[in-house]
Amino acid sequence: MTLPKDISVGFVGLSHLHPASYMTLFQTLPGVKVVAAADADAGVLQDFTGKFCVHGYADWRELLERERLDLAVIFLPHADCPDAAVAAAERGVHVLVEKPMAASAEGVRRAIAAAEKAGVILSTPYVWRCHPVVRQMKKLVEEGITGRVVGCEGRCAAGRLSRYIDGHAGWMLQKSRSGGGPMFNLGVHWIDVYRWLLADEVVEVLGKNVHINQQYDIEDNSFALLTFSRGAVLSLDISYTVPDSFPFGRDLYLALRGTTGVLSWSPSFEGVKERLFVCSDAGEYSGAAHQHVDFELPAQPGYGGVMGLNFLAELLDSIRTGKPPAITGQDGLKALEVVEAIYQSAESGRSIKL
């Protein structure tokens, strides 16, 4: 595809928590312009197009037909994402699908097949890989300061169910449209991060889902033990149950423990000051085996702050240069296959091998 000077972007779906904050990121980056958006909710569409001065469409199919896009960014209910991704790919448009990309792994496979056939990029915003702290964790693991990684922990408790109602995304609480609860929507982030940090794949899962709410057919708390092929075990605690008084409404934690070292971090999410704990028996840490590595990050408005900006900048570079994106549709598929196995385990009471 021959690209114009500015990469032309369309938002497919707006009844989601993130489109406006992604718009802020796109407005920050040079050489790219969001030109149109589509949503069936007239009020949501009018609010967005009025605020950001883009063309509006009630039907995303019409948007794809009438606009000359280079990139479609899809924020539809998860069950509807594959149809839109396939339609965009068939028009030669690169595709960014909000995680988890679909309500089932089969839906992601459809999108991958369409993108490969059309020769377009398919990606999904697992932005945590692009956070400077996570990249430092990756570097330290690769340098061997943790030794053989034995155990990992990931906690992601974010907000309450009501935020989806308030944010015009009530479909997120309907299993037929979202696929499931917090493990579908949030847990995929940590599954992807640990696949990347460990450069390894999950081979067995044991899951447990807990329903606190009685109004919706999704779980609001999900727990899992994931075993990787080289033996590392990851414990996940993923939840929509967070006290209103909790700082910034999110309880986040990442840690790795190995035979010679430990890394741990409690992210602030979109914060500018972060601290990574490093403990190692490695020689270069002799005399100072326990260290805190401080990060001063630029204040960046928009989804995910600096990590969201890094992700989009790298994706746009892939579109311009034709090089493969760092995060692919296959990465999205791997994460969702793990989630589906967690649900199968929770329903059967048995561990599930992948």
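Place +1 on the Cβ of every Lys and Arg and -1 on the Cβ of every Asp and Glu in the chain, take the dipole about the Cα centre, and give the residue among Ser348, Gly322, Ala88 whose Cα lies farthest towards its positive end.
Gly322
Apply the Debye scattering formula to the chain, with a single equal point scatterer on each alpha-carbon and no solvent, then give log10 I(q)/I(0) at q = 0.06, 0.07 Å⁻¹.
Listed by q, the Debye log ratios stand at -0.21, -0.29.
Quick one: dipole size for segment 17-115, taken about the Cα centre, charges +1 on Lys/Arg Cβ and -1 on Asp/Glu Cβ, in debye to the nearest 20.
300 debye
For the chain, what is the accessible area per residue in Å² when the probe is 1.4 Å?
I get 42 Å² per residue for the chain.
In 10 Å bins starting at zero, report the fraction of Cα pairs in segment 69-144 per bin as a rounded %.
P(r) over segment 69-144, rounded to whole percents: 21, 41, 20, 16, 1.
Using only helices, what value at 222 nm comes out for the chain when you add -39,500 (n - 2.57) per DSSP H run of length 4 or more and divide by the total residues, to the nearest 500 deg cm²/dmol?
The helix contribution divided over the chain gives -10000 deg cm²/dmol.
Rounded to whole Å, give me the distance from the Cα center of segment 125-191 to that of segment 53-98.
Centre-to-centre (Cα) distance: 25 Å.
What does the charge dipole of the chain about its Cα centre add up to, to the nearest 20 debye, if the Cβ of each Lys and Arg holds +1 and the Cβ of each Asp and Glu holds -1?
420 debye
Write down the Å³ per residue value for the convex hull defined by the alpha carbon atoms of segment 12-147.
Expressed per residue, the convex hull around the Cα atoms of segment 12-147 is 139 Å³.
Just to be sure I follow: if Rg is taken over the C-alpha atoms of segment 238-305 and Rh is the Kirkwood radius over the same atoms, what is Rg/Rh?
1.07
Work out the count of Lys pairs in the chain where the Cα-Cα distance is under 16 Å, with the pair 8 or more places apart or on different chains.
6
Summarise the accessible area of the chain (1.4 Å probe, protein heavy atoms) by the percent that is carbon and sulfur.
Ligands and nucleic acids excluded, carbon and sulfur reach 51 percent.
For segment 8-90, what ratio Rg/Rh do Cα atoms give with a Kirkwood hydrodynamic radius?
0.92
Note down the Stokes-Einstein diffusion coefficient of segment 125-283 in µm²/s, whole number, using a Kirkwood radius over alpha carbon pairs, 4 °C, and 1.567 mPa s.
The calculation lands on 78 µm²/s.
The values are calculated or read from the model by the stated rules, or taken from the named source; none is laboratory data. Note that this is a predicted model, so its numbers are computed, not measured. Note that each Cβ is placed from the backbone with ideal geometry, even for glycine, and that neighbours are counted across all protein chains shown. Each accessible area value is taken on the protein alone, full model and side chains, heavy atoms only, with ligands, DNA and RNA left out. Shrake-Rupley method; radii C 1.70, N 1.55, O 1.52, S 1.80 Å.
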